[in-house]
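Undergrad: Pasting in a structure now, in structure tokens, and then I'll have a few things to ask.
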Amino acid sequence: MSARIRSIIGVVVMSVLLVLYFGFAGVRAFALLATGTPLAVAMGVALLVLPLIGVWALVRELMFGARATRLVDRLAAEGRLPEEDVDVSPSGRPDRDQADAAFPKYQAEVEADPESWQNWMRLGLVYDACGDRRRARAAIRSAIAKSRG
């Protein structure tokens, strides 16, 4: 089974579990609201608001994943995916020296043409492959924004 299919299955399973949680929290929220006591009503309101924030976050993450996947597919079709291989330890952590050596090339591409979504996406993929998730997401967000405009 490919990594992409496993990822999709994982997202579906987690999404279904989260939706079930939201459903159970909603039922409990309405029960608390029905009591009429101030503390229970406050807890009921919180139980309604927090799952709504969770739904918003879930939809946002699913949209991010779908948009990022479309851009990766476009890069692959153009033959422009990064090809740097970074050794990983048995624990799965990338070799830091190799990872640091991979960044300058892609960073220079972004600096040379900051309006290119392809350059931002390639940088994001390299960050992700090297374990820097925060920078990877930021670069991929930039790629998504640039691909739209």
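Undergrad: Restricting to region 79-133, what's the tally of residues that are under 22 Å from Ala68 (Cα atoms), in contact with a strand residue (DSSP E or B) (Cβ under 8 Å, 6 or more places away or on another chain) and of a type in the set (A, V, I, L, M, F, W, C)?
TA: 3
Undergrad: Right, another one. Might you check whether a residue that is within 30 Å of Gly65 (Cα to Cα), surrounded by fewer than 13 Cβ atoms within 10 Å (Cβ to Cβ) and in contact (Cβ under 8 Å) with a residue 12 or more places away in the chain occurs anywhere in region 28-45?
TA: Scanning region 28-45 turns up no residue that is within 30 Å of Gly65 (Cα to Cα), surrounded by fewer than 13 Cβ atoms within 10 Å (Cβ to Cβ) and in contact (Cβ under 8 Å) with a residue 12 or more places away in the chain.
Undergrad: Report, by residue number, each residue of region 135-149 that is within 10 Å of the chain's Cα centre (by Cα) and of a type in the set (Lys, Arg).
TA: Arg137, Arg141 - these are the residues of region 135-149 that are within 10 Å of the chain's Cα centre (by Cα) and of a type in the set (Lys, Arg).
Undergrad: Among the numbered criteria (1) touching a Lys or Arg at 6+ places or on another chain (Cβ under 8 Å); (2) at pLDDT below 90; (3) among the acidic types (Asp, Glu), which one does Glu109 miss?
TA: Checking Glu109 against (1) touching a Lys or Arg at 6+ places or on another chain (Cβ under 8 Å); (2) at pLDDT below 90; (3) among the acidic types (Asp, Glu), the one that fails is (2).
Undergrad: Starting from region 63-87, keep only residues that are among the hydrophobic types (A, V, I, L, M, F, W, C), then list their pairs with residues that are assigned to a loop (DSSP other than H, G, I, E, B) whose Cβ atoms are within a distance under 6 Å, requiring at least 6 positions of separation or different chains.
TA: Pairs found: Leu75/Leu81; Val86/Asp95; Val86/Cys130.
Undergrad: Can you tell me which residues in region 83-117 are touching a Phe, Trp or Tyr at 6+ places or on another chain (Cβ under 7 Å) and surrounded by fewer than 11 Cβ atoms within 10 Å (Cβ to Cβ)?
TA: Scanning region 83-117 gives no hits.
Undergrad: Output yes when any residue across region 118-129 is in contact (Cβ under 8 Å) with a residue 12 or more places away in the chain, in the same structural domain as Val16 (by TED's automatic domain parsing), surrounded by 12 or more Cβ atoms within 10 Å (Cβ to Cβ) and closer than 22 Å to Arg6 by Cβ, and no when none is.
TA: no
The values are calculated or read from the model by the stated rules, or taken from the named source; none is laboratory data. In this text the structure is predicted, and so the values were computed from the model without any measurement. Note: ideal-geometry Cβ built from the backbone for every residue, glycine included; neighbour counts use all protein chains shown.
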